[in-house]
Amino acid sequence: MSSTQQQARVAGFLYLLLALIAPIGLLYVPGKLIVSGNATATADNIRASEWLLRIGIASELIHQTIAVFLVLALYRLFKAVNETHAKQMVILGALVSVPIMFVNVLNEIAALVLVSGADFISVFEKPQLDALAYLFLDLHNQGIIVVSIFWGLWLFPFGMLVIRSGFIPRVFGVLLMIAGVAYLASSFATLVLPRYAPLVEKVAMPLYFGELPIIFWLLIWGAKTRPADAPAA
């Protein structure tokens with residue numbers, strides 16, 4: 001197996017891990033705990049299933065840690081294609097977005113503290129604590145929307161690298177950039193034009209899956225050997 005194929009499969013494995021773990025904290029847990037517009041019901045759900053929110057927190061921390069190693073693996077794979085684009089991919093895909101996500105997890109931890117029944121928050125009434133817990137979960141959701149901007153932006157240099165690489169089908173690069181447009185459009189609509197956000201999200205949702213094909217290509221087929229690798233192979 002060439003070094004290019006090996007690097008590609010390592011990146012594909014990390015990408016698959018991220019894709020499997022991320023939905024737990026980003027989709028499954030909020031869907032089980034948060035009752036839209038109902039702070040009391042949401043807080044009661046957290047009290048009854050505190051372990052579930054902790055699993056969601058662990059999921060976010062783990063998949064963002066994986067994201068760091070994924071982006072570094074992709075950098076090693078593509079730096080010979082265009083080092084400038086590869087550096088942009090690292091900056092947008094890890095150096096900016098990962099710290100935002102780590103800090104954003106504090107909002108979920110704050111919600112846990114508020115429903116914990118700790119003595120130092122006993123000065124607040126239950127409805128106040130419920131409202132504050134719901135507020136922090138909403139802030140966490142808003143943080144996801146903000147970081148989604150960078151989840152979209154990093155796909156552009158990534159897509160360009162795929163298109164220019166010559167060892168991965170170009171169509172995957174196009175699909176990555178389409179997914180990037182979907183992330184940006186959804187975030188922009190939610191933050192700036194909330195009235196149209198549901199409509200934009202419906203259109204964007206299927207486009208997010210533009211990331212999936214390259215995961216399986218990297219994992220299963222790897223990448224063609226670069227010309228520079230041919231003598232060593």
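The values are calculated or read from the model by the stated rules, or taken from the named source; none is laboratory data. Since the structure is predicted, the reported quantities are computational estimates derived from the model, not experimental observations. A quick note on method: Cβ atoms are made from the backbone with ideal geometry, for glycine too, and the neighbour counts reach across all protein chains shown. Note: accessible area is taken over every heavy atom of the protein model, side chains too, but ligands, DNA and RNA are not part of it. Shrake-Rupley method; radii C 1.70, N 1.55, O 1.52, S 1.80 Å.
Mind checking whether some residue in the range 92-113 is closer than 30 Å to residue 6 by Cβ, surrounded by fewer than 16 Cβ atoms within 10 Å (Cβ to Cβ) and over 13 Å from the mean Cα position of the chain (by Cα)?
yes
Kindly indicate whether any position in the range 125-140 is surrounded by fewer than 18 Cβ atoms within 10 Å (Cβ to Cβ), touching a helix residue (DSSP H, G or I) at 6+ places or on another chain (Cβ under 7 Å) and either acidic (Asp, Glu) or under 19 Å from residue 183 (Cα atoms) (or both).
yes
Can you say whether residue 81 is assigned to a helix (DSSP H, G or I), touching a residue at least 12 places away in the same chain (Cβ under 8 Å) and either β-branched (Val, Ile, Thr) or open to solvent by 40 Å² or more (accessible area, probe 1.4 Å) (or both), as far as the supplied structure shows? If you could, list the steps in order and put the result at the bottom.
Details: assigned to a helix (DSSP H, G or I): no; touching a residue at least 12 places away in the same chain (Cβ under 8 Å): yes; either β-branched (Val, Ile, Thr) or open to solvent by 40 Å² or more (accessible area, probe 1.4 Å) (or both): yes.
For residue 81, the condition - assigned to a helix (DSSP H, G or I), touching a residue at least 12 places away in the same chain (Cβ under 8 Å) and either β-branched (Val, Ile, Thr) or open to solvent by 40 Å² or more (accessible area, probe 1.4 Å) (or both) - is not met.
Kindly evaluate residue 161 against the criterion of being touching a residue at least 60 places away in the same chain (Cβ under 8 Å), within 14 Å of the chain's Cα centre (by Cα) and buried (at least 22 other Cβ atoms within 10 Å of the Cβ).
On the way: touching a residue at least 60 places away in the same chain (Cβ under 8 Å): yes; within 14 Å of the chain's Cα centre (by Cα): no; buried (at least 22 other Cβ atoms within 10 Å of the Cβ): yes.
So residue 161 does not fit the description; no.
Among the residues in the range 84-91, are any touching a Lys or Arg at 6+ places or on another chain (Cβ under 7 Å) and assigned to a helix (DSSP H, G or I)? Write out each step before concluding.
Quick first cut of the range 84-91, residues touching a Lys or Arg at 6+ places or on another chain (Cβ under 7 Å) only: 86.
Pick out the ones that are also assigned to a helix (DSSP H, G or I) and you get 86.
Yes, there is a match, as at least one residue in the range 84-91 is touching a Lys or Arg at 6+ places or on another chain (Cβ under 7 Å) and assigned to a helix (DSSP H, G or I).
Could you list, in sequence order, the residues of the range 45-71 that are touching a residue at least 40 places away in the same chain (Cβ under 8 Å), within 18 Å of residue 111 (Cα to Cα) and open to solvent by 50 Å² or more (accessible area, probe 1.4 Å)? Outline the logic, then answer.
Step one: list which residues in the range 45-71 are touching a residue at least 40 places away in the same chain (Cβ under 8 Å), which gives 46-47, 50, 53-54, 56-57, 60-63, 66-67, 69-71.
Restricting the remaining residues to those that are within 18 Å of residue 111 (Cα to Cα) gives 46-47, 50, 53-54, 56-57, 60-61.
Across the range 45-71, the qualifying residues are 47, 50, 54, 61.
Taking the range 178-214 only, how many residues are surrounded by fewer than 20 Cβ atoms within 10 Å (Cβ to Cβ) and either more than 19 Å from the chain's Cα centre (by Cα) or not hydroxyl-bearing (Ser, Thr, Tyr) (or both)?
If we filter the range 178-214 for residues that are surrounded by fewer than 20 Cβ atoms within 10 Å (Cβ to Cβ), which is where we start, we get 178, 181, 184-185, 188, 191-203, 205-209, 212-213.
Add one more test, that the residue is either more than 19 Å from the chain's Cα centre (by Cα) or not hydroxyl-bearing (Ser, Thr, Tyr) (or both), and what stays is 178, 181, 184-185, 188, 191-203, 205-207, 209, 212-213.
Qualifying residue count for the region: 24.
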